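Q: My questions all concern the structure below.
The values are calculated or read from the model by the stated rules, or taken from the named source; none is laboratory data. Keep in mind that this is a model prediction, so the values were computed, not measured. Glycine gets a Cβ as well: all are built from the backbone with ideal geometry, and neighbour counts include every protein chain shown. To get the accessible areas, we keep the full protein, side chains included, count just its heavy atoms, and leave off ligands, DNA and RNA. Shrake-Rupley method; radii C 1.70, N 1.55, O 1.52, S 1.80 Å.
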Amino acid sequence: MTKRIAYRTCPLCEATCGLELHLDDDELTLVRGDKDDVFSNGFLCPKGTALKQLDADPNRIRTPQIRRGDTWHDATWDEAFAEIEARLLPIIERDGRDAVGLYLGNPTAHNLSAIIYNKVLIQSLGTTNVFSASTVDQMPKQISSGLMFGGGLSVPIADVDRMDYMVIMGANPYASNGSLMTAPDFPGRLEALRERGGKIVVIDPRRSQTAEKSDEHLFIRPGTDAHFLFGVVNVLVTEGLVDLGHCAPFVERMDEIERLAPTFAPEVVAPVCGIDADTIRRVARELASTERAGIYARIGTCTQEFGTVTSWLVDVVNILAGNFDREGAMMFPLPATGGATSGNKGGKGRGIRLGRRTSRVKQMPEAFGEFPVATLADEIETPGAGQIKAMITVAGNPVVSTPDARRLDRAFDSLEFMVSIDIYRNETTKHADVILPSPRVLTKGHYDIAFYSLSVRNVANYSPPVVELTGAEAHEWETILRLSALLAGQGSTIEAAAMLDDFALATVVQKGATRSDSPIEGRDTAELIEALSTNGRRGPERILDFMLRTGPYGDQFGADGHEDGLSLAKLEANPHGIDLGPLQPRLPDALAMPNAMIDLAPDAIVADVEARLIPSLDRRANGEMVLVGRRDLRSNNSWMHNIKVLVKGKPRCTLQIHPDDATRFGVTDGAVTRVRSRVGEVELPAEVTDGIMPGVVSIPHGWGHDAAGADMDVAAEYAGVNSNVLADGLLMDPLSGNSVLNGIPVTVEALVPAHSSV
Ligand SMILES: Nc1nc2c(c(=O)[nH]1)N[C@H]1C(S)=C(S)[C@@H](COP(=O)(O)OP(=O)(O)OC[C@H]3O[C@@H](n4cnc5c(=O)[nH]c(N)nc54)[C@H](O)[C@@H]3O)O[C@H]1N2
Ligand SMILES: Nc1nc2c(c(=O)[nH]1)N[C@H]1C(S)=C(S)[C@@H](COP(=O)(O)OP(=O)(O)OC[C@H]3O[C@@H](n4cnc5c(=O)[nH]c(N)nc54)[C@H](O)[C@@H]3O)O[C@H]1N2
Ligand code: SF4
Ligand SMILES: [Mo]
């Protein structure tokens, strides 16, 4: 046996921790934090360690699967693709391309193959019916960022390592390790902030672990962050605390903010959000007077009724308080692969266009090429031209992750055909007719194109594959491209996939060579492609190499003065990553607006403020209960629940409820309790705790692993309940189509009365 150590970035969450993998031959025996990783310095969490158990999980699918009736059969890749060809292509022939729906799940964002080639899959499929986890997640932030700064990923990031005052809203990084803010050891960074004398304020309807470790925790009524934030805007404006600083020349439409602000006096918003007027005033003053400060807001502020307005207000407050594009404040990263904020000299870009088409049944507008996933079931169930008859899912479990889950489950049951690229047969993929497995994590090269563009430092780190493919394994990129080739009518051979890969590369190189702001403008594309293809390199690494070499730190294929720049080869020589330094001020270059300005008051958002937010100012707590979610460090969305070391111990899928409400409803700690919403009901054990606000209950999402026909032994043993059975598909933030997953009206009922009346 040969013992060896390899280094690899963890692909499980957005924190991009460096792992030190201990192997005996090709068997993973131990996972540790990589102390030399330039970004994570040895930090890791229990999920990272559990990559070992994930790798060894006997339920993980290793061979393509074909279902006949209720029976699953191992198949060869050729048989699996032949089945897809025989059953999917006739549906497209008969009903057109929109008859196939596509769902792209969360792990595709952590997966180099999927990030690079999902575009090819979408183009080859040619359907308008594209859905993803984005509309149960960050779509509101993408819309507000796009409308204000010009790009859907132009998201300002908290410069946490230099910040002295941080307001955290709707995020629990002690459990999640952060999101839309890449920061390995997020907790350590928060502790460092406090150790240097800084202050952290957490605003959350639950006293989360992050709240417990903060200086101040404010309970807020779910879905009222926009009210609170407009109260802060009001204070900044009326007290003369607005200070745009060096951003002033790039900010337009301050007049609109001044027009709207008076409506939201602290005394007006306080009874809506549950945070008193004095506190709103104090937080506003602290944000304005602290030199290095900012508000970081995440999923609790997106997956709610006023998601887009809230996401916008976060940036408005940061800009007004002078906490923008400066050290220690909110800043735009400059990622090594280029991206949303790096290619626009002088800040001039095309901006974003929304609603280029609408969905068939509910006329929901598209955003960034997709429709709200909450309307997927409508599109499957409603007959007529354009009805979805077949589905393709890639790394997604929408039957657990998206609203009105029971209905989507039934809708999937009615499909004529379904293909899933996945590693488990779970609540969603059990509906598939063919499952194409992704190989072991260790066979995949890794580079976080998405998360380094949202990172608190500029970092580049590439992990090469640690082991070779074995048995029936195939590269995930090849599987995506074989499926794409098949859908494009080019057959599904490996050769056809290779041709698509060459085509994808040629397209990006061509585009680079004709862009006036590209470092390779006018270069010979054939020569560049040859340089990228040395040693037979192809697949995602070849395209990544191109992105790195033409990115802001790239070697520009050896152009004068850039010889030491980045390339994949350079990253291969630096297995612990390359630190490209702290974030830098980037205005105006980071903008991508037609007039190179920040739009402080986009029309669509102002219209929503007037149509919905202002009329909601008379809302008051009325004794009715609302449901919110939460995350646990040892859990990962709807998966990783088949790993015993992560799920054992005290049950995590519980109903958190305040003692006052427990008394009111006769609920006792540990007792099975029924929760009902307009669309469904679940029964689960209560956890009575004053760590949650009165009037609010919390159930984590991602559970409910008791579906017949799934094949996950451990998950079934620790099934829990699916909170999205309660999420109402009709509740959406209208501007983004994002589902409301926090603030769902529910009723709570004790199943066994706490005090028997006899
Ligand atoms: N109520 C409620 N619902 C929520 C949320 C919430 O806060 N509350 N959060 C939402 C959020 S933020 C998100 S991102 C979504 C996530 O929801 P989904 O998009 O459904 O993603 P996951 O739940 O992570 O499911 C991942 C799927 O990918 C598979 N998989 C894992 N690794 C790989 C791989 O390497 N290759 C392939 N091909 N497959 C793989 C897993 O087996 C699983 O089927 O859930 C959303 N749903
Ligand atoms: N361990 C673990 N890590 C993960 C994941 C996981 O499932 N498990 N999922 C990953 C994914 S896909 C994502 S998107 C990120 C999400 O990362 P985070 O945004 O940190 O998400 P949560 O940990 O769910 O924290 C959300 C918080 O919002 C609060 N909240 C609910 N409603 C409201 C509201 O109306 N207003 C305010 N102010 N707060 C509210 C909840 O009580 C909760 O504490 O985590 C990622 N990391
Ligand atoms: S924090 Fe995220 S990236 Fe780091 S080890 Fe845990 S799951 Fe992996
Ligand atoms: Mo997410």
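Q: So is Met640 modelled with pLDDT of 95 or more and away from ligand 1 (no atom under 15 Å from the Cβ) or not? Reasoning before the result, please.
A: Working: modelled with pLDDT of 95 or more: yes; away from ligand 1 (no atom under 15 Å from the Cβ): no.
No.
Q: If only one of Thr29, Thr16 is within 19 Å of Leu580 (Cα to Cα) and modelled with pLDDT of 95 or more, which one is it?
A: The unique qualifying residue is Thr16.
Q: Looking only at residues in region 45-64 that are in contact with a strand residue (DSSP E or B) (Cβ under 7 Å, 6 or more places away or on another chain) and open to solvent by 50 Å² or more (accessible area, probe 1.4 Å), which one is farthest from ligand 2 (Cβ to nearest atom)?
A: Here is the first cut: in region 45-64, the residues in contact with a strand residue (DSSP E or B) (Cβ under 7 Å, 6 or more places away or on another chain) are 47-49, 51-52, 55, 61-64.
Add one more test, that the residue is open to solvent by 50 Å² or more (accessible area, probe 1.4 Å), and what stays is 49, 52, 62.
Working: Thr49: 13, Lys52: 17, Arg62: 25 Å.
Checking each candidate, the answer is Arg62.
Q: Let me ask another. Name the helices (runs of 4 or more DSSP H) wholly inside region 529-647 in which the number of residues that are closer than 30 Å to Arg60 by Cβ, within 16 Å of ligand 2 (Cβ to nearest atom) and not basic (Lys, Arg) is 1 or more.
A: Details: elements: 539-550, 568-572, 603-608, 644-647.
Helices (runs of 4 or more DSSP H) meeting the threshold: 644-647.
Q: Only one residue in Leu180, Leu218, Leu190, Leu236 is at pLDDT 95 or above, more than 16 Å from ligand 4 (Cβ to nearest atom) and within 23 Å of Arg457 (Cα to Cα), so which one is that?
A: Leu190
Q: Report, ordered by the first and then the second residue, all pairs with beta carbons closer than 6 Å, sequence separation of six or more or different chains, a first member in region 518-537 that is under 24 Å from Ser342 (Cβ atoms), and a second member that is open to solvent by 80 Å² or more (accessible area, probe 1.4 Å).
A: Note: pairs meeting the criteria are Thr525/Gln510.
Q: Are any of the residues in region 139-150 at positive phi, away from ligand 4 (no atom under 16 Å from the Cβ) and open to solvent by 20 Å² or more (accessible area, probe 1.4 Å)?
A: So far as region 139-150 goes, no, none of its residues is at positive phi, away from ligand 4 (no atom under 16 Å from the Cβ) and open to solvent by 20 Å² or more (accessible area, probe 1.4 Å).
Q: Kindly evaluate Asp690 against the criterion of being within 24 Å of Asn397 (Cβ to Cβ) and among the acidic types (Asp, Glu).
A: no
Q: So in region 121-132, with the set limited to residues that are open to solvent by 20 Å² or more (accessible area, probe 1.4 Å) and assigned to a helix (DSSP H, G or I), which one is nearest to ligand 3 (Cβ to nearest atom)? If you could, list the steps in order and put the result at the bottom.
A: Taking region 121-132 first, the residues open to solvent by 20 Å² or more (accessible area, probe 1.4 Å) are 122-123, 126, 128.
Imposing the further condition that a residue be assigned to a helix (DSSP H, G or I) reduces the set to 122-123.
On the way: Ile122: 27, Gln123: 31 Å.
Here the residue is Ile122.
Q: What are the residue pairs meeting all of these: first residue in region 458-471, first residue of a type in the set (D, E, K, R), second residue at pLDDT 95 or above and open to solvent by 10 Å² or more (accessible area, probe 1.4 Å), Cβ atoms under 9 Å, and 6 or more apart or on different chains?
A: Between residues of region 458-471 that are of a type in the set (D, E, K, R) and residues that are at pLDDT 95 or above and open to solvent by 10 Å² or more (accessible area, probe 1.4 Å), the close pairs are Glu468/Asp26.
Q: So, one more: If you go through region 17-35 one residue at a time, do you hit one that is open to solvent by 10 Å² or more (accessible area, probe 1.4 Å), more than 15 Å from ligand 3 (Cβ to nearest atom) and under 24 Å from the mean Cα position of the chain (by Cα)?
A: No, every residue in region 17-35 fails to be open to solvent by 10 Å² or more (accessible area, probe 1.4 Å), more than 15 Å from ligand 3 (Cβ to nearest atom) and under 24 Å from the mean Cα position of the chain (by Cα).
Q: Test Ile435 against the stated conditions and say whether it is open to solvent by less than 20 Å² (accessible area, probe 1.4 Å), touching a helix residue (DSSP H, G or I) at 6+ places or on another chain (Cβ under 9 Å) and more than 29 Å from Leu731 (Cβ to Cβ).
A: Judged against the criteria, Ile435 is a match.
Q: When region 210-243 is examined, which residues are found to be closer than 24 Å to Val746 by Cβ, near ligand 2 (Cβ under 9 Å from one of its atoms) and in a helix (DSSP H, G or I)?
A: Result: Ala211, Asp225, Phe228.
Q: While we're looking at this one, here's another question. Suppose the filter is more than 16 Å from ligand 4 (Cβ to nearest atom) and closer than 24 Å to Ala56 by Cβ; does Met712 pass it? Full working, then the answer.
A: Working: more than 16 Å from ligand 4 (Cβ to nearest atom): yes; closer than 24 Å to Ala56 by Cβ: yes.
When the stated conditions are applied, Met712 passes them.
Q: Of everything in region 643-663 that's in contact (Cβ under 8 Å) with a residue 40 or more places away in the chain, more than 16 Å from ligand 1 (Cβ to nearest atom) and among the hydrophobic types (A, V, I, L, M, F, W, C), which residue is least open to solvent (accessible area, probe 1.4 Å)?
A: For region 643-663, the residue satisfying everything is Ile657.
Quick grid of which residues meet (1) within 16 Å of ligand 4 (Cβ to nearest atom); (2) in contact (Cβ under 8 Å) with a residue 60 or more places away in the chain; (3) in the same structural domain as Asn636 (by TED's automatic domain parsing):
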{"residue": "Phe368", "(1), (2), (3)": "yes, yes, no"}
{"residue": "Gly384", "(1), (2), (3)": "no, no, no"}
{"residue": "Ile388", "(1), (2), (3)": "no, yes, no"}
{"residue": "Val400", "(1), (2), (3)": "yes, yes, no"}
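Q: Every residue in region 257-275 that is closer than 25 Å to Phe219 by Cβ and open to solvent by 10 Å² or more (accessible area, probe 1.4 Å), please.
A: Matches in region 257-275: Thr263, Ala265, Glu267, Val268, Ala270, Pro271, Gly274.
Q: Evaluate region 334-355: report whether one residue or more is within 30 Å of Ala460 (Cα to Cα), within 16 Å of ligand 1 (Cβ to nearest atom) and in a loop (DSSP other than H, G, I, E, B).
A: We begin by selecting, within region 334-355, every residue within 30 Å of Ala460 (Cα to Cα); these are 334-352.
Filter again for within 16 Å of ligand 1 (Cβ to nearest atom), leaving none.
Among the residues of region 334-355, not one is within 30 Å of Ala460 (Cα to Cα), within 16 Å of ligand 1 (Cβ to nearest atom) and in a loop (DSSP other than H, G, I, E, B), which makes the answer no.
Q: Out of curiosity, is Thr127 over 20 Å from the mean Cα position of the chain (by Cα), outside the structural domain of Ile299 (by TED's automatic domain parsing) and hydroxyl-bearing (Ser, Thr, Tyr)?
A: Judged against the criteria, Thr127 is a match.
Q: Residues Ala297, Ala336, Ala340: which one is touching a residue at least 40 places away in the same chain (Cβ under 8 Å) and open to solvent by less than 10 Å² (accessible area, probe 1.4 Å)? Explain how you work it out, then say what you get.
A: Numbers: Ala297 fails: open to solvent by less than 10 Å² (accessible area, probe 1.4 Å); Ala340 fails: open to solvent by less than 10 Å² (accessible area, probe 1.4 Å).
None of the other options fit; the residue is Ala336.
Q: Going through region 617-651 one residue at a time, which ones are within 19 Å of Val748 (Cβ to Cβ) and charged (D, E, K, R)?
A: Listed by number, the residues that qualify are Glu624, Arg630.
Q: Ok, one more. For region 684-691, does any single residue satisfy the condition of being in a loop (DSSP other than H, G, I, E, B), in contact with a Ser or Thr (Cβ under 6 Å, 6 or more places away or on another chain) and either open to solvent by 30 Å² or more (accessible area, probe 1.4 Å) or within 16 Å of ligand 3 (Cβ to nearest atom) (or both)?
A: For region 684-691, residues in a loop (DSSP other than H, G, I, E, B), in contact with a Ser or Thr (Cβ under 6 Å, 6 or more places away or on another chain) and either open to solvent by 30 Å² or more (accessible area, probe 1.4 Å) or within 16 Å of ligand 3 (Cβ to nearest atom) (or both): absent.
Q: So which residues in region 96-138 are away from ligand 4 (no atom under 16 Å from the Cβ) and of a type in the set (A, V, I, L, M, F, W, C), if there are any at all?
A: Result: Ala99, Val100, Leu102, Leu112, Ile116, Val120, Leu121, Ile122, Leu125, Val130.
Q: Inspect region 150-160 for any residue being of a type outside the set (A, V, I, L, M) and outside any loop (DSSP other than H, G, I, E, B) and give the result as yes or no.
A: no
Q: When you look at Leu617, is it within 16 Å of ligand 4 (Cβ to nearest atom) and touching a residue at least 40 places away in the same chain (Cβ under 8 Å), yes or no? Don't jump to the end; show me each part of the working.
A: Details: within 16 Å of ligand 4 (Cβ to nearest atom): no; touching a residue at least 40 places away in the same chain (Cβ under 8 Å): yes.
Taking the combined requirement at face value, the residue does not satisfy it.
Q: Can you tell me which condition Ile115 does not meet? The list is (1) surrounded by fewer than 24 Cβ atoms within 10 Å (Cβ to Cβ); (2) closer than 25 Å to Gln363 by Cα, and all the others hold.
A: The failed condition is (2).
Q: Return only the number of the condition from (1) open to solvent by less than 10 Å² (accessible area, probe 1.4 Å); (2) in contact with a strand residue (DSSP E or B) (Cβ under 7 Å, 6 or more places away or on another chain) that Val235 does not satisfy.
A: Exception for Val235: condition (2).
Q: Hey, another quick one. Of the residues that sit in region 172-185 and are open to solvent by 10 Å² or more (accessible area, probe 1.4 Å) and either more than 15 Å from Lys213 (Cβ to Cβ) or hydrophobic (A, V, I, L, M, F, W, C) (or both), which one is nearest to ligand 2 (Cβ to nearest atom)?
A: Per the stated criteria, the residue is Ser179.
Q: Before we move on, is Asp74 acidic (Asp, Glu) and either open to solvent by 40 Å² or more (accessible area, probe 1.4 Å) or touching a Lys or Arg at 6+ places or on another chain (Cβ under 7 Å) (or both)?
A: Criteria met by Asp74.
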